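Take a look at the structure set out below.
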Amino acid sequence: MTLQQLLDITIERKASDLHLVVGYPPAIRVNTEIIPIEGAPSLSVAEIESLVIPLLSPTQKSVFTASFELDLGFTYGNKVRFRVNLYREQGFTAAAFRLIPLGVPKLEDLGLPAVAGELANLRQGLVLVTGPTGHGKTTTLAAFINKINQERSEHIITIEDPIEYVYPAGHSIISQREMFLDTKTWGAALRATLREDPDVVLVGEMRDLETISAAITVAETGHLVFATLHTNSAAQSIDRIIDVFPENQQSQIRLQLSSVLEAVISQRLIPTIEPGRVLATEVLLKNPALSELIRSAKTHLIDNLILTSAELGMVSLEGSLTALVKAGRINYEIAQQYSLRPALLAKLLAR
């Protein structure tokens, strides 16, 4: 089968991903299930390389040859975009294609709590969107950026690996920078943003000390920064940021983070009773109590702060799951699987 045929099947089946691995037939992920494409034979080394290598520029070929991993994105006709990760497994080339709609969804259509939309009105600070891979973090960030794009006249700079959503014309200027195409390192790109007259900066992933430190600096200097982390909860996100620094710097980082952190949205895409997925979220918002917990290294109390601050718009993951169960969107067993505190979930559902 040609790559065009495989991509068309991915779109038609409303799959989120397409996988090409030597020794297996091409497979797609529909909701949460991996499904081999019917009638497609197992792929050979030569077949996979003939499908994916033509997508690469000479620079991308060099990067993949040197590092054995590569991210890239491309628009497929006028239908969708695909984010592609090329990697090596057992010495052979493999690929994972993630489908990305061309249109950027609206924040209010994602299923986020209403308070989340207000974060797009911020003028400075750090907003984190966290969660496991494949749970919609990029889509949420894109919705924030496009809301600002449509409502304000700003200079928005994104640093991505690769570029995923492409934004429609709005009131803002959006400079989208892709790793290895427009910049060589995350740290260099972030440091350079301060000389590029930004208002809003999107960091595709805060992945190491250099990136995290630079993102905090950009937020400290009066800019609005959106970023992602691969963490499971708001409290864990704060601990991850602090723990990446040497011990002798952690007190200073707690002070800086307590000042700039505006919100953490930790999210999951949960399989629904009807085939599909729905968003469950934990929302942590800045207030004096949160700032004090971060400064005093008492992040273990953040979960309790969320539970006792519902009137401020904060939402626990278990509270979100409970609402979805009671609304008939997901069943109790699935909610338990995704809950971080099953005992609390059971208590909330018993009310």
Query raised in the report: Does the range 39-48 contain any residue that is out of contact with any helix residue (DSSP H, G or I) (no Cβ under 6 Å at 6 or more places or on another chain) and either acidic (Asp, Glu) or under 30 Å from Leu279 (Cβ atoms) (or both)?
Result: yes
Query raised in the report: When you look at Arg268, is it basic (Lys, Arg) and either in the same structural domain as Lys14 (by TED's automatic domain parsing) or in contact (Cβ under 8 Å) with a residue 60 or more places away in the chain (or both), yes or no?
Result: yes
**Report entry** Complete set of residues in the range 9-53 that are hydroxyl-bearing (Ser, Thr, Tyr) and closer than 16 Å to Phe92 by Cβ
**Finding:** Tyr24, Ser42, Ser44, Ser50
Query - Test for Ser237: is it more than 30 Å from Lys14 (Cβ to Cβ), hydroxyl-bearing (Ser, Thr, Tyr), surrounded by 16 or more Cβ atoms within 10 Å (Cβ to Cβ) and free of Cβ contacts under 8 Å to residues at least 60 places away in the same chain - result: no
Query raised in the report: Any chance the range 203-221 includes a residue that's closer than 14 Å to Val104 by Cβ and either in contact with a Phe, Trp or Tyr (Cβ under 7 Å, 6 or more places away or on another chain) or at pLDDT 95 or above (or both)?
Result: no
Query raised in the report: Which of the residues spanning the range 31-43 are surrounded by 15 or more Cβ atoms within 10 Å (Cβ to Cβ) and either closer than 17 Å to Asp8 by Cα or touching a residue at least 40 places away in the same chain (Cβ under 8 Å) (or both)?
Result: Ile37, Ala40
Query raised in the report: Taking the range 74-86 only, how many residues are out of contact with any Phe, Trp or Tyr (no Cβ under 7 Å at 6 or more places or on another chain) and either of a type in the set (Phe, Trp, Tyr) or buried (at least 19 other Cβ atoms within 10 Å of the Cβ) (or both)?
Result: 1
Query - All positions within the range 29-62 that are of a type in the set (Asp, Glu) and either within 15 Å of Pro162 (Cβ to Cβ) or part of a helix (DSSP H, G or I) (or both) - result: Glu47, Glu49
Requested in this report: Test each condition in (1) surrounded by fewer than 17 Cβ atoms within 10 Å (Cβ to Cβ); (2) of a type in the set (Val, Ile, Thr); (3) in a helix (DSSP H, G or I); (4) touching a strand residue (DSSP E or B) at 6+ places or on another chain (Cβ under 6 Å) for Thr65 and report the one that comes out false.
Outcome: (4)
Report task. Could you tell me whether Thr185 is hydroxyl-bearing (Ser, Thr, Tyr) and in contact with a Lys or Arg (Cβ under 9 Å, 6 or more places away or on another chain)? Result -> no
Report summary line: Taking the range 321-342 and the residues there that are of a type in the set (Ser, Thr, Tyr) and without any contact (Cβ under 8 Å) to a residue 60 or more places away in the chain, the one that is surrounded by the most Cβ atoms within 10 Å (Cβ to Cβ) would be Thr322
Requested in this report: Within the range 1-23, work out how many residues are hydroxyl-bearing (Ser, Thr, Tyr) and in a loop (DSSP other than H, G, I, E, B).
Outcome: 2
**Report entry** Test: Thr308 is among the polar types (S, T, N, Q), free of Cβ contacts under 8 Å to residues at least 40 places away in the same chain and farther than 30 Å from Asp208 by Cα
**Finding:** yes
Report task. Select from the range 279-309 the residues that are small (Gly, Ala, Ser) and either more than 24 Å from the chain's Cα centre (by Cα) or part of a loop (DSSP other than H, G, I, E, B) (or both) and list them in ascending order. Result -> Ala289, Ser291, Ser296, Ala297, Ser309
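The values are calculated or read from the model by the stated rules, or taken from the named source; none is laboratory data. Just so it is clear, the structure is predicted and the values come from calculations on it, not from any experiment. Heads up, the Cβs are rebuilt from the backbone with ideal geometry, glycines too, and the neighbour counts pull from every protein chain shown.
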